[in-house]
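Data block below; observations after.
The values are calculated or read from the model by the stated rules, or taken from the named source; none is laboratory data. Keep in mind that this is a model prediction, so the values were computed, not measured. Using ideal geometry, Cβ is built from the backbone for each residue, glycine included, and neighbour counts are taken over all protein chains shown. Accessible surface is based on the protein model in full, side chains and every heavy atom, while ligands, DNA and RNA are left aside. Shrake-Rupley method; radii C 1.70, N 1.55, O 1.52, S 1.80 Å.
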There are 2 protein chains.
Amino acid sequence: MQTDMYMTTLKDRGYRLTGKRREILDFLLQNNRYVTARELIDHLRESYPTLSLETVYRNLKTLRDEGIIEESRFDELEARYRMACQNGHHHHYICVMCGKTIMLDHCPMPALGCAPSGFTVLQHRFEVLGYCSDCQPAPESSPEQKN
Amino acid sequence: MQTDMYMTTLKDRGYRLTGKRREILDFLLQNNRYVTARELIDHLRESYPTLSLETVYRNLKTLRDEGIIEESRFDELEARYRMACQNGHHHHYICVMCGKTIMLDHCPMPALGCAPSGFTVLQHRFEVLGYCSDCQPAPESSPEQKN
DNA sequence: TTCGTTGCAAAGGATTTGCAGCGTA
DNA sequence: TACGCTGCAAATCCTTTGCAACGAA
């Protein structure tokens, strides 16, 4: 299974193979979406009731440093994590409710032409936010229109 | 001056016209870029040495609630603020060093076609990040390549 | 045995809130 | 005067760190 591959990679780099780390990877691999540290610990405590939030953060930091996962913040205080994309450049539809991501192969950069004089492009971000098919908006409050 | 216009708007909505609020608006209007609360207070303390960070945050919250400014977090813990765009939809080149923004009229959405089945698009984000002409990268450390 | 990993307690940075005094209208 | 605004102190939320015990290789 894919988790083993990542665990082997980690072992090769001098890390130990712990059950907690494996479960974090498992969860992220099984959930194709951005999850918060809080979500992770809520899930992982089913297997490891004594798991601490610090351990989750430390493991997330390790995985991030090793390029295995990505951290992102959608203008919120709380960070969210997902498996890093290993296969090429692309963007995503992202569900603002559950964090689910759907790949999007269109990239706006080629259509952009030259950057303004003196501007050195480092990277770009393109995300389409909304509700996925499993998460429909609450009917009472219409979502705010932001352009 | 433009600040007066916003202050009048605020007054009409039941807020008081305080010098501190005016200076925050002044600073944001004069700096076409994303600034942090810390940057703001550092500047504003020249005029108001006793100004507290809480007041800055409270004013930023008011301005945000009234749609006058925008809050954004570039995957950092600290939030950044700028005047909200009043004139139509567009995106930006953003300097990761000083937060300066340069308007960009290309929008990737029209080229996108249909959203995946069941996905309700709420909004999107497109930003080109890099160094502006005033901020060149430090030569020693090459910036990390992120796609 | 070695050295990475963990939980606990505590610290840290960003942001918010309770409260009483101050200032604008 | 009325009520929004402010500073202070304290709280909150998210995240990191020091330390000693634990566990994988």
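At a glance:
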item: Residue identified as touching a strand residue (DSSP E or B) at 6+ places or on another chain (Cβ under 8 Å) and not aliphatic (A, V, I, L, M) among B:Thr50, B:Thr36; result: B:Thr36
item: Residues (open to solvent by less than 50 Å² (accessible area, probe 1.4 Å), of a type outside the set (A, V, I, L, M, F, W, C) and closer than 18 Å to A:Glu127 by Cβ) located in segment B:81-99; result: B:His90, B:His91, B:His92, B:Tyr93
item: Some residue of segment B:82-92 being of a type in the set (Lys, Arg) and outside any strand (DSSP E or B); result: no
item: Test: residue in segment B:71-83 that is of a type in the set (Ser, Thr, Tyr) and either within 16 Å of DNA strand D (Cβ to nearest atom) or within 8 Å of chain A (Cβ to nearest Cβ) (or both); result: yes
item: Segment A:43-55 - residue that is over 14 Å from A:Cys98 (Cβ atoms) and assigned to a helix (DSSP H, G or I) and, of those, nearest to DNA strand D (Cβ to nearest atom); result: A:Glu54
item: Of all residues in segment A:1-39 being part of a helix (DSSP H, G or I), over 18 Å from the mean Cα position of the chain (by Cα) and over 22 Å from A:Ser52 (Cα atoms), the one that is farthest from DNA strand D (Cβ to nearest atom); result: A:Met5
item: Filter result for the condition that a residue is loosely packed, with under 12 Cβ neighbours inside 10 Å and in contact (Cβ under 8 Å) with a residue 40 or more places away in the chain, over A:Glu46, A:Glu78; result: A:Glu78
